[in-house]
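What follows is one structure encoded as structure tokens, with my remarks underneath.
The values are calculated or read from the model by the stated rules, or taken from the named source; none is laboratory data. If you're wondering where the values come from, they're calculated on a predicted model, not measured in any experiment. When we count neighbours, we look across all protein chains shown, and the Cβ atoms used for this are built from the backbone with ideal geometry, even at glycine.
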Amino acid sequence: MNTINDANEVLVDCQSVWKIFGARSSAAAKAVSERGLSKSQVLNEFNCVVGVSGANLQVRRGEIFCIMGLSGSGKSTLIRLLNRLIEPSFGKITVKGKDIASLNAGELRDMRARNIGMVFQSVALLPHRTVLENAAFGLEVRGIAKDERNQIARAALEKVGLGDWTTRYPDELSGGMQQRVGLARALAADPEIILMDEPFSALDPLIRRQLQDEFRQLTKSLGKSAVFITHDLEEAIRIGDRIAIMKDGVIVQVGTAEEIVTKPVDDYVADFVAGISKIHLVRAHSVMQPVAEYKRLHPDANLDSLLQTSPEADIAALIDLTMQSDRDAVAVVENGAIIGVVTTRGLLRGVAGTSAAAVDDR
Amino acid sequence: MNPESFQLSPGKYLAPTVDWLNTNFHPFFDGLARLIEAVLGGVEVALLFMPPYAFIPVVVILTAAFISIRVAVITLISLFFCWLAGFWTASMQTLALVTVAVIISVLIAFPLGILASRHKKFEATVRPVLDIMQTVPPWVYLIPAVMIFSLGRVPAIIATIVYGIPPMLRLTTLAFNQVPKDLLELGQATGASPKSILLKIEIPSAMPTLLVGLNQCILLSLAMVVLAGLVGAGGLGAEVTRGLTRMEMGLGLRAGLAIVAIAILLDRLSKGALQRGRPTARTAA
């Protein structure tokens, strides 16, 4: 999960991107770039609101990148900067190696039509069109002939399990089904990147979970990259390969679910993480004790008699192993060598969500 | 100082302007009058080409085939009533006048309405003009129209067009302002051209309100056409005027009901034609 190959192609690259809203936003943007004003200074001095401040992020090919934040954190603004529905105040955004600020209207339309799909929280289905016509909309505006676009749209609808609903109208579908149509519409255009703007927020929990799993599976099997916006950390953890946490327009932390859960950078992130179950997130390598320390505390222990596991084993697996063993520790083995020991205390720390760095076995 | 000497009379300036227009642009107005006469005459000839007993079945069958049985029944009843009331020719004249006036009103009001919804400054400029156009009693439009085009159908249709523009323009602006923002965003995010967004997203989403605008435009135009009977526009308006001046209750009532029949016919036909192939009663999500 956290073995993302750095050689992977970066599809979307944001470099210190700012978005400032307000009548004097350009003056404010200039002041920010020259004097490095803070968000509240901009509000006081220019009466402008900073939507996104200094955002850096890279989305790699085949990756699902979640942006998690509460309402007003700037996550919806940030995702709209990626396909230039909102123009950045300054900063550079490249998609597939092209600086999107340099595209003219036609090139931008072409990029949106071919490379970047989008799915909305409100679904945004056209009420006067059938499910099939809705799914084919992106292809239709690209001027693809009716037979061909209907065929592609039908295939996309089948992928999301709505093959039998093509002739229905959106208001005949449940919320979950409508959002599947939204996803099929994005997939029909076969983009490399799909922007998901809180797509499942309005759905009930069971349907939401089902769609989350389906979405992850579908995206992975089709080899798409996705930027997924959510206000729900559990959803981000379920879906995302990497997660960025936003607060007040600033990306406060980027990392895998495990990194964020075990090493929150500040109290804000720690607060979020507090309620998350760590059983499947925290892995042996982050709760284990170095061998030397274990030996110091248990001088007569025989390491070779401990049950062994890999550094990637999660807490649930570690608990199982500990229960099977008559000892209160499990050895972590990598490449044939014992690299650490997970004790029961370490396990408890892991369940509580404190990383090995803070484990004090005294 | 005598306060009466301050009396404001816009007409004092407007009347000479109309006179000046009349003398200097006479060929232009003359050409316009001829054009309108020709179009109107053509429509009238087409409507009266067949006798009612042939025309009514043809229209009803076409309506049933292309719109719906319901609208066909309404068409049958309203046309049959006009014929029975003894106003066939007058009804067709009025139908021609209103149809041409409404088409021109819509052709002017629709693009201006879209413009007003896109540019708030333009809307702010247009709004007071529309307010004035709608509150000034409709008779007043007839005066300059008659001064320039003299009596007959042409001043009537000009006054009708002017009267029909405000409701259509206002409701077009409203309709386009009401198009859900997420649908517009969808259009942009999908890479649709402004033309595709207009044709495939905005107009279909705005359609219910646009139809209300069209309905208002038709009804107000009909009301104006009746008034235009005063300036010799002919048609049902002339019959109503005759009933009024002679105090003939029966004549006035028959003509009045024929106008209602024409109004219902136009409203249902236009709605049916514009909504053809669309599911009915679907509101924006």
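Miscellaneous remarks
- Against the list (1) assigned to a helix (DSSP H, G or I); (2) within 11 Å of chain B (Cβ to nearest Cβ); (3) touching a strand residue (DSSP E or B) at 6+ places or on another chain (Cβ under 9 Å), the condition A:Leu187 fails is (2).
- Of the strands (runs of 3 or more DSSP E) entirely within the range A:4-89, those holding at least 2 residues that are surrounded by fewer than 20 Cβ atoms within 10 Å (Cβ to Cβ) occupy A:10-21, A:49-60.
- Residue match in the range A:325-333 (condition: without any contact (Cβ under 8 Å) to a residue 40 or more places away in the chain, surrounded by fewer than 18 Cβ atoms within 10 Å (Cβ to Cβ) and closer than 30 Å to A:Asp13 by Cα): no
- If you filter the range B:207-225 down to residues that are of a type in the set (Val, Ile, Thr) and crowded, with 23+ Cβ neighbours inside 10 Å, you find that the one that is nearest to A:Gly138 (Cα to Cα) is B:Ile218.
- Subset of the range A:173-184 (residues that are more than 18 Å from A:Gly117 (Cα to Cα), in a helix (DSSP H, G or I) and touching a residue at least 24 places away in the same chain (Cβ under 8 Å)): A:Gly175, A:Gly176
- Set A:Gln217, A:Gln253, A:Gln210: member being more than 14 Å from every other protein chain (Cβ to nearest Cβ), in contact with an Asp or Glu (Cβ under 9 Å, 6 or more places away or on another chain) and not in a loop (DSSP other than H, G, I, E, B): A:Gln253
- Scanning the range A:223-232 for residues that are assigned to a strand (DSSP E or B) and in contact with a Ser or Thr (Cβ under 6 Å, 6 or more places away or on another chain) turns up at least one hit.
- Answer residue from the range A:135-156, given it is within 10 Å of chain B (Cβ to nearest Cβ) and in contact (Cβ under 8 Å) with a residue 40 or more places away in the chain and is surrounded by the fewest Cβ atoms within 10 Å (Cβ to Cβ) among those: A:Arg142
- For the range A:48-65, the criterion of being touching a residue at least 40 places away in the same chain (Cβ under 8 Å), under 21 Å from the mean Cα position of the chain (by Cα), assigned by TED's automatic domain parsing to the domain that holds A:Arg242 and within 26 Å of B:Ser193 (Cβ to Cβ) is met by none of the residues.
- Meeting the requirement of 3 or more residues that are closer than 17 Å to B:Leu186 by Cβ and of a type outside the set (A, V, I, L, M), the helices (runs of 4 or more DSSP H) wholly within the range A:105-172 are A:105-114, A:137-141.
- Residues in the range B:178-206 that are among the hydrophobic types (A, V, I, L, M, F, W, C) and either at the interface with chain A (Cβ under 7 Å from one of its Cβ atoms) or buried (at least 19 other Cβ atoms within 10 Å of the Cβ) (or both): B:Val179, B:Leu183, B:Leu186, B:Ala189, B:Ala192, B:Ile197, B:Ile201, B:Ala206.
- In the range A:157-174, residue nearest to A:Gly106 (Cα to Cα) [restricted to those that are aliphatic (A, V, I, L, M) and more than 14 Å from every other protein chain (Cβ to nearest Cβ)]: A:Leu157
- Counted residues, the range A:1-48 - those being at pLDDT 85 or above and β-branched (Val, Ile, Thr): 4
- Counting only residues that are aliphatic (A, V, I, L, M), touching a helix residue (DSSP H, G or I) at 6+ places or on another chain (Cβ under 8 Å) and farther than 17 Å from A:Asp241 by Cα, the range A:258-274 holds 1 of them.
- The range B:132-215 holds helices (runs of 4 or more DSSP H) entirely within its bounds, and those carrying 1 or more residues that are of a type in the set (Lys, Arg) and farther than 18 Å from B:Ile104 by Cα map to B:181-189.
- In summary, B:Val179 fulfils each of the numbered conditions (1) under 21 Å from B:Phe110 (Cα atoms); (2) in contact with a Lys or Arg (Cβ under 9 Å, 6 or more places away or on another chain); (3) of a type in the set (Val, Ile, Thr) with the single exception of condition (2).
- Identity of the residue in the range B:207-219, closer than 14 Å to B:Phe176 by Cβ and of a type in the set (Val, Ile, Thr), that ends up farthest from the other protein chains (Cβ to nearest Cβ): B:Val212
- Residue count for the range B:60-82, restricted to those that are surrounded by fewer than 19 Cβ atoms within 10 Å (Cβ to Cβ) and farther than 15 Å from B:Asp267 by Cα: 7
- Qualifying position, being on the phi < 0 side of the Ramachandran plot, of a type in the set (D, E, K, R) and assigned to a loop (DSSP other than H, G, I, E, B), among A:Asp304, A:Asp320, A:Asp326: A:Asp326
- Within the range B:130-151, being among the polar types (S, T, N, Q) and under 18 Å from B:Ala238 (Cα atoms) holds for one residue alone: B:Ser150.
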